[in-house]
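Below is one structure, written out as structure tokens; comments come after it.
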Number of protein chains: 2
Amino acid sequence: MTDFRPPVADLAYTLAHVVGYDRVAELPGFEHADLDMVTEILEEVGGFMAEVVAPTNRAGDLEGARLNADGTVTTPTGFREAYAAYVEAGWGSVPLPEAFGGGDFPRTVGLAIQELTMEANMAFSLAPLLTQGAIEALLHYGSDEQKQAWLPKMVTGEWAGTMNLTEPHAGSDVGALTTKAVKRPDGTYGITGQKIFITFGDHDLSDQIVHLVLARTPDAPAGTKGISCFIVPKFLVNDDGSLGERNGVHTVGVEHKMGIHGSPTCVLSYEDATGYLIGEENLGMRIMFVMMNSARLSVGTQGLAVAERAYQQSLDYATGRIQGRALGATQDSPIIDFPDVRRMLMTQKSYIAALRRMMLLNAVYVDISTHHPDAATRARADEIVGLLTPICKSFGTDLGNELTSLALQIHGGMGFIEETGAAQHYRDVRIAAIYEGTNGIQAADLVGRKLGVRGGASSLEFIATMRELDGELATAGEEFASIRAQLNTSLDVLEQTTAWMLNTGASDPNSVLAGSSPYLRIWGLVVGGWLLAKSALAARELDGDAIAAAQLPLARFYAEQLLPAVSGLVGAATAGSRDLFALDADALGDVARRTARV
Amino acid sequence: MTDFRPPVADLAYTLAHVVGYDRVAELPGFEHADLDMVTEILEEVGGFMAEVVAPTNRAGDLEGARLNADGTVTTPTGFREAYAAYVEAGWGSVPLPEAFGGGDFPRTVGLAIQELTMEANMAFSLAPLLTQGAIEALLHYGSDEQKQAWLPKMVTGEWAGTMNLTEPHAGSDVGALTTKAVKRPDGTYGITGQKIFITFGDHDLSDQIVHLVLARTPDAPAGTKGISCFIVPKFLVNDDGSLGERNGVHTVGVEHKMGIHGSPTCVLSYEDATGYLIGEENLGMRIMFVMMNSARLSVGTQGLAVAERAYQQSLDYATGRIQGRALGATQDSPIIDFPDVRRMLMTQKSYIAALRRMMLLNAVYVDISTHHPDAATRARADEIVGLLTPICKSFGTDLGNELTSLALQIHGGMGFIEETGAAQHYRDVRIAAIYEGTNGIQAADLVGRKLGVRGGASSLEFIATMRELDGELATAGEEFASIRAQLNTSLDVLEQTTAWMLNTGASDPNSVLAGSSPYLRIWGLVVGGWLLAKSALAARELDGDAIAAAQLPLARFYAEQLLPAVSGLVGAATAGSRDLFALDADALGDVARRTARV
């Protein structure tokens, strides 16, 4: 395990030169959040994460969160102290409204802080992440009274929050949930049911936990239309704001998972627990989507963040491990001198750079969509957020798996030994492609909901925006020639497959779904290539800047060696559903049968 | 965790209709090993593995092998009984020489038995696998006296064997090892040094363990040329064959690994242990390569085997898990009805079929290379083995990682919970891309040693052999049209990139190494597509056979949706080394530095 070096320089570069953070700083309400101020904050956060949170990562994995005999949950050594320091420093409140004690900074800044937290300790970072999701739901749909009652202490982090969706038979199909909410004479509801996979569903980091729980009133319509959302605190709150008696929610189990051991994944049992309705009855799905859309971008960022941490470790190992002799070397070489090890490092670094730019661009549009004075600009930004979110989530987390695997591979046999720490990253990040909507669900969301916005015009306009870079690339000289050529080729592919999707959707939706995952990957690859090209173009005017100097090699490596994968994905994206359904379940399982004739 | 269903039917189909097992059964010495006999044996082995070995897989993961305070190593519950039954049944001896108690069956049959063993329990399968490697080294280089002394009990499995190469500073660079061997007056050697990562380096499955140990005599030349190979038994053997006193080899540690917990990975300390030289001094590397080449094919098969086991589990889950409603369904659907889940299942199944055909083809050429009466035929087969082995090892184990990830993904959140068992496959198989020469080492072997055999003619002839299928595909009708087109396109790509490699190799070996991994992947994809096409063509004459009926959909899915990836790999294979080395270690690590200007 090596030290964590917060990538603040690349975050600042990306904000300044790639994703146009100046557009955010200009928005009403964000005047105080200029780039200098933001960079200072990120420097401080980075230092905090490196010194206070990162050292808890290994113990979190080794010890894990555990359920005690008395039903309480204990987090691993160091988590309580790190969380207390996090609350004390106020990092969680930075992007939240000043009215409730926050710093009123943009979501973009909040996401950068989340990235740094996730890099330090992914398991730990989930506590503030879930709290923030709950806060956002309350900000959007809570009554003034509810906001006053719950938000101030949630914003500081003194009280934690959770999201309670999943039940044993209601995972991707949220509408199948059966937890009951029965209205009481006093206007509160009695909540009864079992929830599973509740991240930080119970723990010892905060005195209070505010659960947001999806449940169904007795005469609610079937499916997702009949779901309501309730505030269900772990402890009831007295009129003076002090904590009262224990509410009827109890921890029945803590899962034994492959990774993020430090994060208690709880089975919670609700037995006539007191709940407070948010908004109106049957508004639950809409409320959950507020939390979910924001969380999906954050989960995509987890893929990036764990990949960054693993990359740093593999780079250190490759620099220090002497083994054999590279071509032309006169003495034994560090393995970084071997071309195939370089390939693994450059692949990690360029994908990580692409992902960071993609996540922050998405966040910039979130801020524009919520704060721009012009309604049309807000609406367009909201469309782009809708389009980019499933791409960020799936592409980011798929790459999280692939890049942590490369980092592990660079360690050779040591990578498979747990003491090294490389394996933990590989195990930890694996959940990110699954939760907050599996990556398959994201792909279905992309082709089923986002692609067709305004008859496809929304997506095509974004592609056209990416094409606008060609003018600058055309005059940027020979060094940019291969980037320009590959980007144009891949944009052609994206445009053609998009046209296929739009044409096919109405008549054959199953074929569109059949190609949705490879199609999403094409989007991810192209957006990443476009942003790295922008990044390299911007670097030309920044002589002497270490980050800037790396942008052209990164963009060119990506364009020449990674981006061409898009052409290999067209077949899968547009093949239709015939071959996917050619074999039935019996035929897919035929391995069990003995063939009659050999 | 679900039951294991041995894929004997597909093994038999592959032997009969795809890889030409009849060519093996015709070889002198293999007359008894006709396909009917082999299929019977595989049926029995499959049943044994399903009933006796597969049930130990989960306990092996949970308990792991452990080092006791007295220095002994205990394997998990059930391993001892399963191993005793394995020895009793004699499965390990099937492919070994009758002269030492074996069944004299071909390597091809031995590999199929290994696949079934690995599917049942990868960790367990390593005990017989390492024993077989040691046996092969002794068969090739041991004296008659040594063979008589050691082989009979190793062939039955009563005595186990190991391979001792790695030391803390000598991993991929075997030549850096420092373990000493000092000749004694009685002709034995005193072996002193420390070995790490020794698979089944100690255990309680057998009374005796026969270590093959690489060490260096005092005046040996530096590097790989100065390495000798010794037999170092755990217990000295008395003249009457009974076990005598303990030899000077002790277990210092058992590693805590991400997977294959049931396999004790040992640190062994040799302190003037008695060793018996095999062959002559300084012949060690040649002896190790006998073990290694055979082991590399077996490790590639591990990727296939664990993927098969994981696939079966994911298929069961997809069939049984009801969640949401597929398009057009009138009631809630099993998730197998969703196109993206189908994609994950078909991707697994078609890659697994391709890998099984590739591994067995390689084994067929091993048998021809050792048993064919004609020297030229043997030599050509040996070339093909040399070419295919690194491809089988790397492509098989890379896919092992990717396919077990898909199997896990199909389980959704349950896949991340250890009780489900999907995570174990993902963790277990991860080592296979690392040991027996990392996949990067395999790629270097392919471009550095194998590609240039006979000035490249050896590789080009194999490509030409694959092209010969085109005649049959051309007349096979419309159903084969896309397979033919995609196979031709990908063969063109393979031929062009091969020409680039051959032309570049002499002048710029670093650029060849730079592209070696993507180039190896192109080979793997093309060979897989070619074998699936053969498989589908053969199926036309086998009406009513369940396996045969699946071959065309599998081949077409692979050709249309997976094989096109080759075109996306050309850029990376032929980009040269410039961009890989454009950033030095400092620049690769620049994330740590704050940019001066934002």
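Quick rundown of the values:
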read-out: Chain A, relative contact order [Cα under 8 Å, separation at least 6], %; value: 13 percent
read-out: Efficiency of FRET between B:Ala481 and B:Ala84 - r from beta-carbon atoms, R0 45 angstrom, step 0.05; value: 0.25
read-out: Cα gyration tensor category, rounded, prolate or oblate, for region A:345-487 with a/c compared to 1.5; value: oblate
read-out: Unit charges on C-beta of K, R, D, E only; dipole of the protein assembly as shown, Debye; value: 1120 debye
read-out: Residue-averaged 222 nm ellipticity for the protein assembly as shown, from DSSP H runs of 4+ at -39500 (n - 2.57), nearest 500; value: -17000 deg cm²/dmol
read-out: Pseudo-label separations to other copies for A:Ser242 - Cα-to-Cβ vector, 7 Å, nm; value: 8.1
read-out: Copy-to-copy label separations for A:Ala499, where each label sits 7 Å from Cα toward Cβ, in nm and ascending; value: 3.1
read-out: Per the axis that maps chain B onto chain A, nearest residue of B (Cβ criterion) and its distance in Å; value: B:Gly568, 2
read-out: For region B:46-63, Karplus couplings with θ = phi - 60° (6.51, -1.76, 1.60), whole Hz, Gly/Pro x; value: x, x, 4, 5, 5, 8, 9, 8, 4, x, 8, 5, 6, 4, x, 6, 5, 8
read-out: Value of D in µm² per second that Stokes-Einstein yields for region B:439-598, Kirkwood Rh from Cα pairs, at 25 °C (0.890 mPa s); value: 139 µm²/s
read-out: For region A:342-353, 3J(HN,Hα) per residue [Karplus equation, 6.51 cos²θ - 1.76 cosθ + 1.60, θ = phi - 60°, Hz, x = Gly/Pro]; value: 4, 4, 5, 5, 5, 4, 4, 5, 6, 5, 4, 4
read-out: Charge dipole (debye, nearest 20) of chain B; +1 at Cβ of Lys and Arg, -1 at Cβ of Asp and Glu; value: 1920 debye
read-out: Cα centroid separation - region B:186-235 against region B:377-427, whole Å; value: 30 Å
read-out: Accessible surface buried upon A-B contact (total; probe 1.4 Å; Å², nearest 100); value: 9600 Å²
read-out: Inter-chain Cβ neighbour average for residues A:252-258, partner chain, 10 Å; value: 4
read-out: Amide H partners (placed H, <5 Å) of A:Lys257, local residues excluded; value: B:Glu418
read-out: Inter-chain Cβ neighbour average for residues B:412-425, partner chain, 10 Å; value: 5
read-out: Segment B:Glu31-B:Ala549, extension gain: residue separation times 0.36 nm, minus the distance between their alpha carbons; value: 183.4 nm
read-out: Projected-area average for chain A over all orientations - Cα convex hull basis, square nanometres; value: 31.7 nm²
read-out: Virtual paramagnetic centre 7 Å along Cα→Cβ of B:Ala376, amide N under 20 Å, in region B:452-467; value: B:453-466
read-out: Inter-copy label distances at A:Asn488 (7 Å, Cα→Cβ; nm, one decimal); value: 2.9
read-out: Most to least packed among B:42-49, B:260-267 [average Cβ atoms within 10 Å]; value: B:260-267, B:42-49
read-out: For region A:19-95: relative contact order, % (alpha-carbon pairs under 8 angstrom, 6 or more apart); value: 19 percent
read-out: Mean-position separation - Cα centroids, region B:272-312 and region B:59-93, in angstrom; value: 20 Å
read-out: Nitroxide proxy distance, nm - points 7 Å out along Cα→Cβ at B:Asp186 and A:Ala329; value: 4.3 nm
read-out: Shielding of B:563-571 by partner chains, average beta-carbon count, 10 Å; value: 6
read-out: Region B:134-227 - accessible surface per residue (Å², probe 1.4 Å); value: 38 Å²
read-out: Debye log10 I(q)/I(0) at q = 0.32 Å⁻¹ for region B:308-348, Cα point scatterers; value: -1.08
read-out: Fraction of accessible area attributable to carbon and sulfur, chain A (%, probe 1.4 Å); value: 52 percent
read-out: Global geometry of region A:217-295, whether rounded, prolate or oblate, following the gyration tensor of its Cα atoms and the 1.5 cut on a/c; value: oblate
read-out: Hits among lysines - C-alpha to C-alpha of B:Lys234 under 21 Å, sequence gap 8 or more where chains match; value: B:Lys147, B:Lys153, B:Lys180, B:Lys183, B:Lys195
read-out: Tensor-based shape of region B:376-446 (alpha-carbon gyration tensor, a/c under 1.5 rounded, otherwise prolate or oblate); value: prolate
read-out: Heavy-atom accessible area order for B:Ser143, B:Ser405, largest first, 1.4 Å probe; value: B:Ser143, B:Ser405
read-out: Table column - 3J(HN,Hα) (Hz), region B:309-316, Karplus curve with 6.51, -1.76, 1.60, x for Gly and Pro; value: 4, 5, 4, 4, 5, 5, 5, 4
read-out: Nitroxide proxy distance, nm - points 7 Å out along Cα→Cβ at A:Leu236 and B:Asn488; value: 7.9 nm
read-out: Point-to-point label distance, A:Arg540-B:Asp508, nm (Cα→Cβ direction, 7 Å offset); value: 2.5 nm
read-out: The protein assembly as shown - Rg (one decimal) and Dmax (whole number), Cα, Å; value: 30.2, 98
read-out: Positive minus negative residues near A:Ala84 (Lys, Arg vs Asp, Glu; Cβ under 13 Å); value: -4
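The values are calculated or read from the model by the stated rules, or taken from the named source; none is laboratory data. Only a predicted model underlies this, so the values are computations on that prediction, with no experimental measurement involved. Counting neighbours? That spans all protein chains shown, and the Cβs are built from the backbone with ideal geometry, glycine included. Note: accessible area is taken over every heavy atom of the protein model, side chains too, but ligands, DNA and RNA are not part of it. Shrake-Rupley method; radii C 1.70, N 1.55, O 1.52, S 1.80 Å.
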